[in-house]
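Reading through the structure tokens given below for one structure.
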Amino acid sequence: MSHAAEKTDLTPSRFVGGEILARYSRMALAVAVVALGLAVWLGWKDPAYFARQYLMNFVFVLSLALGGLLFCLIQQLTRSGWSAVVRRPAEALAANLQWIWILFLPFVGIWLWGRAHDGHGLSLASIWPWADLASMGEHDPAEAHIIAAKSGYLNDRFFFIRAAIYFIVWGSLARVFFRGSVAQDTASPEECVRITARLSRTAAAGIILFGLTTTFAAFDWIMSLSPAWFSTMFGVYFFAATCTGGYSLITLIVLKLRHLGINRAVVSEEHLQDLGKMIFAFGVVFWAYIAFSQYMLIWYGNIPEETTWFLARQVGGWGTVSIALLFGHFIIPFVFLISRWIKRWTFTLAVGCVWMLAFHWIDMYWLIMPVIPADVGSYATYNEFASAYADTASRIGNPVNFLLLLGLMGLLASSTMRRLSTKSVVCVHDPRINESLSFQNI
Amino acid sequence: MSSSQIDVRNRGFIDTDNTGDTPGRRATLVLNMHRFHDVTQQVCRIAEAKRAPVAWYVAFAISLAMVSMLGFCVLYLFFTGVGVWGLNNPVMWAFDITNFVFWVGIGHAGTLISAILFLFRQKWRTGINRFAEAMTIFAVICAGLFPGIHVGRVWLVYWLFPIPNQMELWPQFRSPLLWDVFAVSTYFTVSAVFWYVGMIPDLATLRDRAKGRIQQMAYGLFSLGWRGSMRHWHRYEVAYLLLAALATPLVLSVHSVVSFDFAVSQLPGWHTTIFPPYFVAGAIFSGFAMVVTLAVPARELFGLKDLITLRHLDNMNKIILVTGCMVGYAYSMEFFIAWYSGALYEKFAFMNRAFGQYWWAYLIMVSCNVITPQLFWFKRMRTSIPIMFVLSLVVNIGMWFERYVIIVSSLANDFLPTSWGGFIPTWVDICTMTGAFGLFGVCFLLFCRYLPMVALAEIKAIMPEADPHREHPQ
């Protein structure tokens, strides 16, 4: 046991977020309500586009909470010692998965509305074209023929049943890990050991459930936006993206709590450096590895049924977004985060986190917003296609995007901070807390 | 009173079982030893013994016989041509490339253990890293053999490398086969450097203890004047960390590039985007299985059970379980997306794999790689020596068949039914494959006999005695 560990007073009440976080939580909620109201007011004129913008921001916020859950699962599964002092913010972030299904309800609403109005106006097919094979068959019979073959999977009922399964799995896992960890704050040392052992076992099964549910959720909500397109890597891509967003946000929360002085006594530069390493390894490099592999193999294979997805992302304004991702999501943060001092200095690490969150958001925008032009197959050369769509705008600067982002992030932040305001922000009675306190990088 | 007795009295107990899991208490990784000198003795006596155990001579004789067979097969191939293998049109790659991918895969665990587990601060890696790295290097040698002898005109094999020449003939830089040349040779070089740098302090230990003139000269030469000064250690540790960081991307890149050999093509069953991480997971899976296959007899034979403990084996079996699940995930994604794609040829390729002429190979692959490793969910299975030994062999068989299924079934039944075919291995195919195991065996046995099999210096650093802040029992 190091001297640092011996001296630290580990009373849970010392690390409770308290009134300041409760006030932030209320402020975030107010911002969220105003922003969402404004977004609806501005965006409602084009409901189909608005629905897609909402989907994109929903997936972004969801991926952050999933990243929090992934962090808890991995740390418990690997019996990690260093992370005990920074795990509670991740658990609080993941705990949002218990209510996040509410944000998915608008899609159920759109589905029911569409059914009631027989496809006139907004319907599920306004977002996911496979939901209305009949109208698809009218203007693109070839594609409808392909989609019809997979209607056993891509049909509205099964789609919502699957969504329910995902939310139940995520919500239950998040609940188990948050509750178990919080229970340790007041439990006896023997009980704490038992809880950690139990969570470690749960994490083994949990990580498998997590992998499968996030994969199929990515297929359902993102990949099936272009229903004819497919990639075996897609689930892994989304998984990597949850690391980028989740780990960056966890680090940002830890930094903010440190700034407020709540966990300063226990969280040192050593922990910050390790969090930075996690972002660097999984959020930057692993993501780039997966993104590169997926792109390179499709580009090299050059089969039209696969390349269309990337074609839609390299014409007009989308080309800029793609290049921005290459530099902003990989090259620049790679060079930035590789240095030791960057990860240990609060300011630079915070800059890195905000940067990665921004590019994770752009990544989600890039995944969800582009639509493959229906006539993509009718051009003889790529250049003809590119010039026909040269003025396609990515519309990324549309204020509704940011209002929705602000709104949904506000809800997430409010709920996370409310949880941290009444609980200790450090897992003080984690059996490995001493190891975490005395942890040093080599 | 010797220091060992003091230690024993102070601790009050000697650890004999370290597989228990109590959160908050880290398991002891070195059993029954309380002095650094005990570790030195245990490891060095293998290299210093006048005679190796009888089993070593038996294994060496068998391996040598297999190498002779390999030599004969290779010469026969050179003098006759690649027609002595069962290759044909359309199955132009079969045993050769299967063996290549198999051995490259085996070669993945070493660098994962030495580099990635080092960065993840997994202290248990010190018990197994040295011989896992050795295994990596020998496996990559076996892997390199196969494309080398497959080129047909073996006297032009140097054309694999872009060597400036008068005729301005260059390899095809757009071909993943050339990327393979770079990826595998880089991997081999970096792994060998990493292995060697890690071994220098231990070679110096052997040098200092050596009695014979030849041993003194040989270990002295390769320990490069290591004297174990503070300054040496300081630089050594920095160098080791940097090498670990530089080797880490290689763990991913090599098998990713190997997967590109297949995935950049348009052949159904080969062209699929999940191939790079799927191949990497499979490689780690088979590599760890091979480490278990080797560790189980080695710790028995050379009396290393206190250094390569049941805990180490338990941990490795967990990694086998994890990577086995990843491989199972990849199999399922391939199948699901083949159906989901709606593409006729994709669907056919996978149905054909499972139910076509190679259904038996597919069945072996799935049962060995996905189904049987699930036994490792149970701690009793993970800590049972006979079970883990059998399962590790099963995984190796399964992973060999995985490559066979991918390569042969996709080539045999591609787009045009008129060009379909099949593959039947010849005796040369089978003997070459077997011979490669002999080559691996000879190298590995020589390593076990003459070099420090366990990282002496590193393992001492993880003993409780090395930790200045360790808890002092009252």
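When you work out D = kT/(6 pi eta Rh) for segment A:292-442 at 20 °C and 1.002 mPa s, using the Kirkwood radius from C-alpha pairs as Rh and the Stokes-Einstein form, the result is 111 µm²/s. Here the convex hull built on the C-alpha positions of chain A has a volume of 141 cubic angstrom per residue. With N as its number of residues, segment B:372-413 has a Cα radius of gyration that, divided by 2.2 N^0.38 Å, comes to 1.54.
Dividing the mean sequence gap of close Cα pairs (under 8 Å, 6+ apart) by how many residues segment B:36-466 holds gives a relative contact order of 32 percent.
Looking at segment A:1-84, the accessible area is 41 square angstrom per residue; that uses a 1.4 Å probe and ignores ligands, DNA and RNA. Computed log10 I(q)/I(0) for segment A:382-442 at 0.21, 0.28 Å⁻¹: -0.92, -1.07, from the Debye equation with unit scatterers placed on every C-alpha and solvent omitted. Note on A:291-297: average number of Cβ atoms from other chains within 10 Å of each residue's Cβ is 5. Comparing A:Ile262, A:Pro89, A:Ala39 along the charge dipole axis of chain A, the residue lying farthest to the positive side is A:Ile262, per the Cβ-charge model. What the phi angles of segment A:276-288 give under the Karplus curve with 6.51, -1.76 and 1.60, with θ = phi - 60°, is a coupling list of x, 5, 4, 4, 4, 6, 9, x, 9, 6, 4, 4, 5 Hz, glycine and proline written as x. Karplus-derived 3J(HN,Hα) values for segment B:204-219, using 6.51 cos²θ - 1.76 cosθ + 1.60 with θ = phi - 60°, are 5, 4, 4, 4, 5, 8, 5, 9, x, 5, 5, 4, 4, 5, 5, 5 Hz; glycine and proline are entered as x.
Contact order for segment A:312-425, expressed relative to its length and based on alpha carbon pairs under 8 Å spaced 6+ residues apart, stands at 38 percent. Under 15 Å from a label point set 7 Å out along the Cα-to-Cβ vector of B:Ile371, the amide N atoms of segment B:304-348 belong to B:328. Averaged over the residues of peptide A:298-306, the number of Cβ atoms from other protein chains lying within 10 Å of each residue's Cβ is 4. Taking the C-alpha atoms only, the angle from helix B:310-341 to the longest principal axis of chain B is near 20 degrees. Chains A and B together bury some 3800 Å² of accessible area, summed over both sides, with a 1.4 Å probe. Computed across segment A:44-193, the Kirkwood radius stands at 18.0 Å (inverse of mean 1/r, all Cα pairs). Principal-axis analysis of the Cα atoms of chain A puts helix A:19-43 at an angle of about 10° to the longest axis.
The gain in end-to-end length when the B:Asn88 to B:Leu301 segment is fully stretched comes to 72.3 nm, 0.36 nm per residue minus the alpha carbon separation.
A Förster radius of 60 Å combined with the Cβ-Cβ distance from B:Asp17 to A:Met296 puts the calculated FRET efficiency at roughly 0.80. Here r is the Cβ-Cβ distance between B:Leu241 and A:Ala393 and R0 is 45 Å; the resulting FRET efficiency, rounded to 0.05, is 0.40.
Volume per residue for segment A:339-409 equals 143 cubic angstrom (convex hull of Cα atoms).
Based on Cα contacts under 8 Å between residues 6+ apart, chain A shows a relative contact order of 36 percent. Amide H contacts of A:Met233 (H built 1.01 Å from N, in plane; Pro and chain starts excluded): B:Thr273, B:Ile274 sit under 5 Å, all sequence-distant by 5 or more or on other chains.
Considering only A:Gly283, A:Gly171, A:Gly152, the Gaussian network model of chain A with Cα springs below 10 Å gives its largest mean-square fluctuation to A:Gly152. Taken along the Cα-to-beta-carbon direction at a fixed 7 Å, the label points for A:Val351 and A:Ile303 span 4.5 nm. On C-alpha positions alone, give me the angle between the axis of helix A:189-221 and the longest principal axis of chain A, in degrees, nearest 10. Once rounded, the angle reads 10 degrees. Of the whole protein surface, A:Tyr289 contributes about 40 Å² of accessible area at a 1.4 Å probe radius. How much FRET efficiency would the formula 1/(1 + (r/R0)^6) give for A:Ser135 and A:Val33, where r is the Cβ-Cβ distance and R0 is 41 Å, rounded to 0.05? According to the calculation, E is roughly 0.70. At q = 0.05, 0.08, 0.09 Å⁻¹ the log10 of I(q)/I(0) for the protein assembly as shown amounts to -0.31, -0.81, -1.02, computed by Debye summation with a single uniform scatterer per C-alpha, solvent ignored. Among A:Gly276, A:Gly397, A:Gly68, the largest mean-square fluctuation in a Gaussian network model of chain A, built with springs joining Cα atoms closer than 10 Å, belongs to A:Gly397. Shape analysis of segment B:72-165 based on the Cα gyration tensor places the equivalent ellipsoid semi-axes at 34, 15, 12 Å, largest first.
Once both labels are positioned 7 Å from their Cα atoms along Cα-to-Cβ, the gap between A:Thr422 and A:Val176 label points is 2.4 nm. Projecting the alpha carbon convex hull of segment B:36-466 along each direction and taking the average yields 23.0 nm². Dividing the summed helix terms, -39500 (n - 2.57) for each DSSP H run of n ≥ 4, by the number of residues in the protein assembly as shown produces a 222 nm estimate of -22000 deg cm²/dmol to the nearest 500.
Modelled this way, with points 7 Å down the Cα-to-C-beta line, the labels at B:Ile387 and A:Ala324 are 5.5 nm from one another. As a size descriptor, the averaged projected area of the C-alpha convex hull of segment B:163-319 was calculated at 15.0 nm². Put the Cα centre of segment A:322-393 next to the Cα centre of segment B:93-152 and the gap is 35 Å.
Stokes-Einstein at 4 °C, 1.567 mPa s, Kirkwood radius from Cα pairs: D for segment B:12-104 in µm² s⁻¹? Approximately 68 µm²/s, per Stokes-Einstein.
In terms of distances greater than 32 angstrom between alpha carbons, the cross-link table entries A:Lys256/B:Lys379; A:Lys343/A:Lys423; B:Lys318/B:Lys460; A:Lys277/A:Lys423; B:Lys379/B:Lys460 yield A:Lys256/B:Lys379.
Over the C-alpha atoms of segment A:145-248, the Rg to Rh ratio, Rh being the Kirkwood estimate, stands at 1.12. For segment B:236-253, putting each phi into the Karplus relation 6.51 cos²θ - 1.76 cosθ + 1.60 with θ = phi - 60° gives couplings of 4, 5, 5, 4, 5, 5, 5, 4, 4, 5, 6, 7, 4, x, 5, 4, 7, 6 Hz, in residue order, rounded to whole numbers and with x for Gly and Pro.
Across peptide A:232-243, the mean count of Cβ atoms from other chains lying within 10 Å of each residue's own Cβ comes to 4.
The values are calculated or read from the model by the stated rules, or taken from the named source; none is laboratory data. Keep in mind it's a predicted model, so treat the numbers as computed, not measured. Positions of Cβ are generated from backbone atoms using ideal geometry, with glycine treated the same way; all protein chains shown enter the neighbour counts. SASA here: full protein model, heavy atoms, side chains in, ligands and nucleic acids out. Shrake-Rupley method; radii C 1.70, N 1.55, O 1.52, S 1.80 Å.
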